[in-house]
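Q: I am attaching a structure below and will ask some questions about it afterwards.
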Amino acid sequence: MDHARAPLLDALAEYHHLGRYGFTPPGHRQGRGADERVLAVLGRDPFRDDVLASGGLDDRLARGRYLADAEELMADAVGAETAFFSTCGSSLSVKAAMLAVAGHDGGLLVPRDAHKSIVAGLIFSGVRPRWISPRWDAERHFSHPPSPEQVRRAWAEHPDAAGALIVSPSPYGTCADLEAIAEVCHERGKPLVVDEAWGAHLPFHPDLPTWAMDVGADVCVVSVHKMGAGFEQGSVFHAQGDLVDPTHLSACADLLMTTSPNVMVYAALDGWRRQMVERGHELLGAALATAKHARARLAELPGIAVMEDVLLGDEASHDLDRLQVLLDVSETGASGYAAADWLRENRRVDIGLSDHRRILATLSMADDDGTVDLLVDAVAAWQRQLDDPEPPEIRLPSPDDLQLDSVLTPRDAFFAEVETVPAERAAGRIAAEQLTPYPPGIPAVVPGERLDEAVIEYLRTGIDSGMNVPDAADPELKHFRVVARPRG
């Protein structure tokens, strides 16, 4: 295929060249109606490019095939059979995949440390999760993606599940052995869905971790805005093989998708594909070299441990995206939350992820020696100003305490009659809300699980130390939303 083309970008350029004017949404009419104070901040170009997709960029019957052609080019670029663009992020795309695979019978193998968007999909769809327990590094309080052996055991326990969903890479950059997991699923004739939101760049350089489509995954979801050069909310899901009907997958996406997609998001996906086909190897190779340089410099700072080899092994992760530079700051006595807050306030540097003992710097093909200098200098300045910091007082539960009992399905608990109880009386009750330290967005509590003292104490002391749990009904977690007990 001709990857020098960018059908959506070309169509948008033609739209402007022809001087089209629509008596249609959006009502700002390419910025003519926008407030000058808004234009002073955003500029006119975003409004100029915000045009109607159908009946605007393309005609009412989509006879120009701009989107269809762009999706075919994307599929060809990454070695998939089909690709679908989404302007609602991978949170939508992964829900569509869950519906397509398991919507008819409700059972899906899912890692318990999956992203909150997957739990939202369970609530929305009624799909029953068959949890795969994560592999816990108890010393570092860190979970790794499931192993092929764990997936095999999960299939033995739940042979009627419709498929498996694996998250790889994790938000920390750690990766599962997707090739072996795909083989385990396909031995049973069941599909593997991979939430590869952090892996849009993986097909374009051999020194990056395994790309799901290359090793037989049936559906793969990526967020181009995370590690690529798309706008926020730009997502693509890819499909191949005969275990998931692409027509049904597309129909499931259509149930969830907006009917007013943003053309700029589509066009950026299209342009990024062209850039990667033409220059991806070069750009990502340079990015990996930059990340290696950053790791070496950061490792020289006192009290900063650059996590790499400790994340890999038979009882850990299968691979690692080394563009994700994970720093353990626990030797300094400070928390990752405190470090992230100081870097933002004092050095105007935002960190992609922080937890009780780590911060994560996500590098991309846009970074270079100058941005590495910015990062290293900022972290060094933070380290120098530390003055016997108070150690974080988060009460970290054991791996066993984190494994809460599932009593109800997430959907049944979320939509049940509920009540709010004080934290000191919440242990033993069934959660009716999702409680998710964010980032990275991995729920500590899923609706339908029975709360215990250890997890309650972990979350409450975490909030006191800077943890963010944005989906809690009570942001301070002095009260918990639980399933009401039967009356009488």
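To keep it simple, each residue is scored yes or no on (1) in contact with a Pro (Cβ under 8 Å, 6 or more places away or on another chain); (2) farther than 28 Å from residue 137 by Cα.
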position: 405; (1), (2): no, no
position: 422; (1), (2): no, yes
position: 434; (1), (2): yes, no
position: 439; (1), (2): yes, no
position: 485; (1), (2): no, yes
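Q: Further question: Taking the conditions exactly as written (among the basic types (Lys, Arg), assigned by TED's automatic domain parsing to the domain that holds residue 90 and crowded, with 21+ Cβ neighbours inside 10 Å), does residue 190 satisfy them or not?
A: For residue 190, the condition - among the basic types (Lys, Arg), assigned by TED's automatic domain parsing to the domain that holds residue 90 and crowded, with 21+ Cβ neighbours inside 10 Å - is not met.
Q: Filter the stretch 215-253 for residues that are charged (D, E, K, R) and farther than 22 Å from residue 287 by Cα and give the result.
A: Step one: of the stretch 215-253, the residues charged (D, E, K, R) are 218, 226, 232, 242, 245.
Hits for the stretch 215-253 are 218, 242, 245.
Q: Oh, and also: Picking from 130, 140, 152, which residue would you name as being among the charged types (D, E, K, R), in contact with a helix residue (DSSP H, G or I) (Cβ under 7 Å, 6 or more places away or on another chain) and over 19 Å from residue 404 (Cβ atoms)?
A: 152
Q: Another question, if that's okay. What about residue 369, is it within 30 Å of residue 198 (Cβ to Cβ) and charged (D, E, K, R)?
A: Numbers: within 30 Å of residue 198 (Cβ to Cβ): yes; charged (D, E, K, R): yes.
When the stated conditions are applied, residue 369 passes them.
Q: Can you tell me which residue among 67, 8, 61, 92 is more than 26 Å from the chain's Cα centre (by Cα) and not small (Gly, Ala, Ser)?
A: That would be 61, the only listed residue that is more than 26 Å from the chain's Cα centre (by Cα) and not small (Gly, Ala, Ser).
Q: Continuing with the same structure: With 269, 208 as the choices, which residue is in the same structural domain as residue 77 (by TED's automatic domain parsing), in contact with a helix residue (DSSP H, G or I) (Cβ under 8 Å, 6 or more places away or on another chain), modelled with pLDDT of 95 or more and in a loop (DSSP other than H, G, I, E, B)?
A: After applying the criteria, what remains is 208.
Q: So, of the residues in the stretch 73-116 that are over 27 Å from residue 134 (Cα atoms) and of a type in the set (Ser, Thr, Tyr), which turns out to be surrounded by the fewest Cβ atoms within 10 Å (Cβ to Cβ)? Outline the logic, then answer.
A: Filtering the stretch 73-116 for residues over 27 Å from residue 134 (Cα atoms) gives 73-88.
Checking which are of a type in the set (Ser, Thr, Tyr) leaves us with 82, 86-87.
Numbers: 82: 18, 86: 27, 87: 21.
Looking at the filtered set, the residue picked out is 82.
Q: Taking the stretch 13-72 as the region of interest, how many residues are surrounded by 12 or more Cβ atoms within 10 Å (Cβ to Cβ), more than 27 Å from residue 276 (Cβ to Cβ) and aliphatic (A, V, I, L, M)?
A: Count: 5.
Q: While we're looking at this one, here's another question. Quick one: in the stretch 211-224, which of the residues that are touching a Ser or Thr at 6+ places or on another chain (Cβ under 8 Å) and in a helix (DSSP H, G or I) is nearest to residue 366 (Cα to Cα)?
A: Checking each candidate, the answer is 224.
Q: Kindly state which helices (runs of 4 or more DSSP H) lie completely within the stretch 359-445 and contain at least 2 residues that are touching a residue at least 12 places away in the same chain (Cβ under 8 Å) and surrounded by fewer than 13 Cβ atoms within 10 Å (Cβ to Cβ).
A: The qualifying helices (runs of 4 or more DSSP H) are 369-385.
Q: Still on this model: Are there any strands (runs of 3 or more DSSP E) wholly within the stretch 104-198 with 1 or more residues that are polar (S, T, N, Q) and within 30 Å of residue 231 (Cα to Cα), and if so which?
A: 142-144
Q: Of the residues 22, 33, which is part of a loop (DSSP other than H, G, I, E, B) and at pLDDT 95 or above? Write out each step before concluding.
A: Numbers: 22 fails: at pLDDT 95 or above.
Every option except 33 fails the conditions.
The values are calculated or read from the model by the stated rules, or taken from the named source; none is laboratory data. A quick note: this is a predicted structure, and the numbers were derived from the prediction, not measured. In this analysis, Cβ positions are derived from the backbone assuming ideal geometry, glycine residues included, and neighbour counts consider all displayed protein chains.
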